[in-house]
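S.K.: Structure provided below as structure tokens; questions to follow.
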Amino acid sequence: MTQQPEPRRSTSPCFPVTDDLVVEALHELQPWRAAGDSVDWELALIAYDVPADTTISGVLVPAGRYTREVTGGGYHVVAHRWTDREALADRLDDVERRHHRFMHIAHAQARFVAAHAAAIHAYAHGVLALIQRDEHAGGALYDAPVRCWHDLSHHIDEHRYFDELRMSGNLDADPDEDEFVTAVVDRTDTLLHERDRLLSFDEAEAAGFDGTLRDGSQPHTWSSLTPRQRAAFRLDRREPHAGEPS
């Protein structure tokens, strides 16, 4: 007789709540924590820490940690019950970070961005190159921690970069300049946030952090580099985007 394999256990930190009455009951509880915004942004995540013997309008809600994920301007709701508190906290942190980045600056209309994506991408990388020039030894941002577009405004006139690039002179379609600048700022802000990722072992070692990542105790990002390390080591090596000069 062939022995049947044991069913694989789920490794997911949460599972959907399928009881609509429980989902509605969660809405009446005091949230433990919330992140995001489904009206001005794409997602709101509301977390609840439900104690034992909790009954709402006659509905018994089993004890545990729950989330209500609200999207589509508040019209679509999905609820989950979480078995891993740390994973739930990580999820909330992620939504909070992404929402903060979104609300940090103005955003161009999605249709406009789609129509001029290649040019927006190219100019954003051009602006990033000018920012990194000013971060090098002797530059205007030599001692400034720059992790996002908002940081620039504390140290320099950040829009002078567009004058240097002659923003509208090389655009084929010559789109609305204000909307184009908004889109480029948005994309540049994203690039600056992406640049603040953790450095790999090879990158950190090349920047002069010999051996500090071996035990994982001292992670580093571009923003943690000294101005001299930034000047000596470039992290913007990448393949050019379609439509962007190499």
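Derivation of every value follows stated rules applied to the coordinates shown; laboratory data play no part. Model, not experiment: these values are computed from the prediction. Here Cβ is always computed from backbone atoms with ideal geometry, including for glycine, and neighbour counts include all displayed protein chains.
S.K.: I'd like the FRET efficiency for ASP53 and MET103, computed as 1/(1 + (r/R0)^6) with the beta carbon distance as r and R0 of 51 Å, rounded to 0.05.
M.R.: Working: r = 39 Å, r/R0 = 0.75.
It comes to 0.85.
S.K.: Then there is this: Using a simple charge model, +1 on the beta-carbon of Lys and Arg, -1 on the beta-carbon of Asp and Glu, nothing else, what dipole does the stretch 1-160 show about its Cα centre, in debye to the nearest 20? If you can, show how the numbers build up before the last one.
M.R.: Numbers: 15 positive and 23 negative charges, 79 e Å.
Computed charge dipole of the stretch 1-160: roughly 380 debye.
S.K.: Right, something else. Let me know the charge dipole size of the stretch 14-99 about its Cα centre in debye, to the nearest 20, where only the beta-carbon of Lys, Arg (+1) and Asp, Glu (-1) is charged.
M.R.: Working: 8 positive and 16 negative charges, 21 e Å.
Once rounded to the nearest 20, the dipole reads 100 debye.
S.K.: A further question on this structure: Applying the Karplus parametrisation 6.51 cos²θ - 1.76 cosθ + 1.60 with θ = phi - 60° to the phi angles of the stretch 24-33, what ³J(HN,Hα) value in whole Hz is obtained for each residue in order, glycine and proline being reported as x?
M.R.: Running phi through 6.51 cos²θ - 1.76 cosθ + 1.60 with θ = phi - 60° gives 5, 5, 4, 4, 8, 8, 6, x, 7, 6 Hz.
S.K.: Okay, moving on. Taking amide hydrogens as modeled 1.01 Å from N in the peptide plane, which residues meet the under 5 Å criterion relative to ILE56, leaving out close sequence neighbours?
M.R.: Residues meeting the criterion, in which the H sits 1.01 Å from N, are VAL61.
S.K.: Using each residue's phi in the stretch 142-149, evaluate 6.51 cos²θ - 1.76 cosθ + 1.60 at θ = phi - 60° and report the 3J(HN,Hα) Karplus result to the nearest Hz, with x for Gly and Pro.
M.R.: 4, 9, 9, x, 10, 10, 7, 4
S.K.: Can you run phi through the Karplus equation (6.51, -1.76, 1.60; θ = phi - 60°) for the stretch 48-60 and list ³J(HN,Hα) in whole Hz, with x for Gly and Pro?
M.R.: 10, 10, 8, x, 5, 6, 9, 10, 10, 6, x, 9, 7
S.K.: Also, quick follow-up: Using modelled amide H (1.01 Å from N, peptide plane; none on Pro or chain starts), what sits under 5 Å from the amide H of ALA79, excluding residues fewer than 5 places away?
M.R.: Placed amide hydrogens put VAL17, GLU69 under 5 Å from ALA79.
S.K.: What ranking of TRP82, TRP41 emerges when the number of other C-beta atoms within 10 Å of each C-beta is taken as an exposure proxy, fewest first? Each step should come with its number before you reach the end.
M.R.: Numbers: TRP82 21, TRP41 15.
Ascending Cβ contact count within 10 Å gives the list TRP41, TRP82.
S.K.: Moving on to the next point. Quick query: amide H of GLY64 versus all other amide H atoms, modeled in the peptide plane; which residues come in under 5 Å with a sequence gap of 5 or more or a different chain?
M.R.: VAL50
S.K.: Let me ask something else about it. Sort 120-126, 54-60 by the packing proxy (mean of other Cβ within 10 Å over each peptide's residues), most packed first. Numbers along the way, then the final one.
M.R.: Working: 120-126: 21.6, 54-60: 12.0.
Put in order of decreasing packing, that is 120-126, 54-60.
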